[in-house]
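Encoded as structure tokens, the structure appears first; notes follow it.
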Amino acid sequence: MGEDTTKTKLTPQPKVAIVHDWFVGGGAELVVEQLHVLFPEAPIYTSYCSREWRKRLDGKVKTGILQYWPLSALRKYLPPLRVWRFSHLKLKGYDLVISSSGAEAKAIKVPATTVHINYCHAPTHYYWSRYGEYMAHPGFGIFNPLARFGLRTLVGPLRRWDYKAAQRPDYMLANSNYIKDQIQKYYDRSAVVVHPPVHTERFRKWANNNQRGGLVIAGRQTPYKRFDLAVAACTKLRAPLTVIGNGPEHRRLRRMAGPTVTFLGKVSDEILAEEFGRAQALIFPGLDDFGITAVEAMAAGTPVIAYKAGGALDYVVPGKTGLFFESQTVKSLAGALQQFPKQRFDSRAISVAAESFSVARFNKNMNLIIKKILQGRSSGK
């Protein structure tokens, strides 16, 4: 705990480049931020970058034509634009290229003398595991019918292209055991699990708090996160629930919520840590690739009540760091909420368990695995 994450850089440094799908915010960007800590001089190639992330990455970001109007407005709608961007990147002269990707960035081509490691956040959701969800809720507002038509028309050739692109990296890393299995299922490739970095230090001070009451759920309110299950179950049981965040489901959630449900909207990092530290438990009802929010709550000493699937299987230990419910139904979640008061949890032990997913642990693990790969390559293994 409390390790200095700036002292885990590789020495001597190989010549490195980093490639990422886009920078608008989220857990995937946090991975690149720590890769930048490990390789501060490495250029970071992407399709689009917000001003905030350009600043956070010390101006090392390199974008192409998709950064500029009108293509910047279209990039979200047309994955083939990113296919073109990453397939045409010139990446000569590097010893190592690390692609951080849940979409098209893994499609880069590197010289035979360059090692390409792909950190896979997930096989591309809108082609594979969540194709049905994207068809039901494309997330493009009035352009949803057009988005559905485009995805339905192109998904066949894009799946074939995505599979081919996934064969290009020399090595693949997965952010959870669930994603490791997804990589095998959709890409016919093995992968090594390296859990993503979680800023546990922001939450640790709450681990010893004994004044806890009510439940909490936090994150972007999209259909697949299943906030509706938490709101419906807590309304049914008249259990106090604090809802943090915003998103396309926000109005619907407010309409279905009873008097015991409180909505805070988007909050500061400090208030988020406080809400986690004062809660009896975090409800985590979606199927997530990993689930950084849940580990943040654990760092505050808060147990997690999670749907038994996805990344949660890597950190929720029943009776120790939380408990599971078996199906994504109000009845199943309500049953778990009724069982929860019968459990006894050690907040300090939960917080310690969260340290296995800290920023320091991520940097250490990445450092070790990259050294192993490069040493193996140089020795001809």
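Every number in this text was worked out from the coordinates using simple rules, so none of it is lab data. Every value quoted in this text rests on a predicted model; they were computed, and no experiment measured them. As a convention, Cβ positions derive from the backbone with ideal geometry for all residues, glycine included, and neighbour counts pool all protein chains shown.
Looking at this model, which pairs from LYS109/LYS308; LYS109/LYS180; LYS106/LYS371; LYS205/LYS371 are more than 27 angstrom apart at the alpha-carbon?
Values: LYS109/LYS308 38 Å; LYS109/LYS180 23 Å; LYS106/LYS371 21 Å; LYS205/LYS371 34 Å.
Exceeds cut-off: LYS109/LYS308; LYS205/LYS371.
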Cα centroid separation, the stretch 312-354 to the stretch 245-262 (Å): 23 Å
Of all chymotrypsin sites (Phe, Trp or Tyr not before Pro) in the stretch 20-87, the ones in DSSP coil with at most 15 other Cβ atoms within 10 Å are TYR68, TYR77
Compare the Cα positions of TYR45, SER72, VAL32 along the charge dipole of the stretch 28-117 (+1 at Cβ of Lys, Arg; -1 at Cβ of Asp, Glu; about the Cα centre) and return the one farthest towards the positive end. SER72
Give me the tail of P(r) for the stretch 201-355 as a percent: Cα-Cα pairs with distance above 27 Å. 11 percent
Rounded to two decimals, the Debye log10 I(q)/I(0) of the stretch 134-194 (Cα scatterers, no solvent) at q = 0.22, 0.24 Å⁻¹ is -0.86, -0.90
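Using Cα pairs under 8 angstrom and six or more residues apart, how large is the relative contact order of the chain, in percent?
Numbers: 720 pairs, mean separation 54.1, N = 381.
In percent, rounded to a whole number, it is 14.
Quick one: order SER327, SER347, SER379 by neighbouring beta-carbon count within 10 Å, fewest to most.
Details: SER327 13, SER347 19, SER379 7.
Arranged by neighbour count, lowest to highest, SER327, SER347, SER379 become SER379, SER327, SER347.
Which whole-number percent gives the relative contact order of the stretch 222-381, counting Cα pairs below 8 Å spaced six or more residues apart? Could you put the intermediate results ahead of the total?
On the way: 229 pairs, mean separation 30.4, N = 160.
Normalised by residue count, the contact order of the stretch 222-381 is 19 percent.
If neighbour count is taken as other Cβ atoms inside 10 Å, put VAL115, VAL19, VAL295, VAL83 in order from fewest to most.
Values: VAL115 21, VAL19 27, VAL295 31, VAL83 18.
Result, fewest neighbours first: VAL83, VAL115, VAL19, VAL295.
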Highest-MSF residue in the chain out of ILE292, ILE18, ILE370 [GNM, Cα springs under 10 Å]: ILE370
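What does the convex hull of the Cα atoms of the chain come to per residue, in Å³, rounded to a whole number?
Details: hull volume 52.9 nm³, N = 381.
Here the figure is 139 Å³ per residue.
Could you estimate the translational diffusion coefficient of the stretch 96-152 from the Stokes-Einstein equation, with Rh from the Kirkwood formula over C-alpha pairs, at 4 °C and 1.567 mPa s, in whole µm²/s?
Details: Rh = 13.1 Å.
The calculation lands on 99 µm²/s.
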